[in-house]
1. Any idea which of (1) within 21 Å of residue 45 (Cβ to Cβ); (2) without any contact (Cβ under 8 Å) to a residue 60 or more places away in the chain is the one residue 137 doesn't satisfy?
2. Suppose we keep only residues that are in contact with a strand residue (DSSP E or B) (Cβ under 8 Å, 6 or more places away or on another chain), free of Cβ contacts under 8 Å to residues at least 40 places away in the same chain and surrounded by fewer than 19 Cβ atoms within 10 Å (Cβ to Cβ) within the stretch 164-183. Which one would you say is farthest from residue 79 (Cα to Cα)?
3. Between 45, 4, which is within 14 Å of residue 133 (Cβ to Cβ), of a type in the set (Ser, Thr, Tyr) and modelled with pLDDT of 70 or more?
4. When you scan the stretch 135-151, do you find a residue that is within 19 Å of residue 60 (Cα to Cα) and either exposed (fewer than 15 other Cβ atoms within 10 Å of the Cβ) or among the hydrophobic types (A, V, I, L, M, F, W, C) (or both), even just one?
5. Any chance the stretch 49-60 includes a residue that's assigned by TED's automatic domain parsing to the domain that holds residue 183, modelled with pLDDT under 90, assigned to a loop (DSSP other than H, G, I, E, B) and surrounded by 13 or more Cβ atoms within 10 Å (Cβ to Cβ)?
6. Please determine, by comparing only the residues of the stretch 98-142 that are part of a helix (DSSP H, G or I) and within 19 Å of residue 74 (Cβ to Cβ), which one is modelled with the lowest pLDDT.
7. Checking residue 155 against (1) in a loop (DSSP other than H, G, I, E, B); (2) buried (at least 17 other Cβ atoms within 10 Å of the Cβ), which test does it fail?
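The values are calculated or read from the model by the stated rules, or taken from the named source; none is laboratory data. The shown structure was predicted, so the numbers you read here are calculated from the model rather than taken from an experiment. We place every Cβ from the backbone using ideal geometry, glycine too, and count neighbours over all the protein chains shown.
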Amino acid sequence: MKISKKNLILITISIVLISVLILLGFILINHSTNSSNSTNKLKDSDIKKIIKNLDGAYSICVVTEDNDPNGNLNKQGGYTGAVYFRLKQVDKKLKNEAIKNFGEEFVENGDWENNYDSFNNSCEAGTSAGGQIEIYPNKSDANKRNEYLSTLDGFLSGGYHVVKDTLVIRVSDELTSTQQKEIANEIIELISTEKK
């Protein structure tokens, strides 16, 4: 069977076009994989600004090597930044529990504030006082941290945690499941707005 010159040209062009499309597909897949695991562009100062807009958040503390309660800052596999915050919703719950357990007088005479507010900042108070956002250099490290936190669920912690890009968002175990998810979703929305 003899192939005409015209058909040979069409076959050659088709093979070249298919090869180019396959190459472009590989490039796009590789770019997508690399960008999903890329370095986070948000810094702890950006996170602090975002948390200032979170409903009920106050006492925002940026982690340094001197005040890091987890001791993971800038260590291999650890976070490159972290921000703790307290939530008025947690304060309200704990205050109501104090009234229930110790009576109105305990709260009214200031004993509750003296006990609860004994921490200098939210880094000392920890995630249970509100929450924390951990910043990782890539999505893989963020997912590993989230998997580790999952091993503690129901055993050492009832806190909520979720990954957003290269961030691990953690919310206090003092809140209901619904409150935890609402706060995490609000943080994710604030982060998405900040990135635009």
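1. That leaves (2) as the condition not met.
2. Within the stretch 164-183, the match that is farthest from residue 79 (Cα to Cα) is 177.
3. On the way: 4 fails: within 14 Å of residue 133 (Cβ to Cβ).
Only one candidate qualifies: 45.
4. yes
5. Checked the stretch 49-60: no residue is assigned by TED's automatic domain parsing to the domain that holds residue 183, modelled with pLDDT under 90, assigned to a loop (DSSP other than H, G, I, E, B) and surrounded by 13 or more Cβ atoms within 10 Å (Cβ to Cβ).
6. Ranking the qualifying residues of the stretch 98-142, first place goes to 123.
7. The failed condition is (2).
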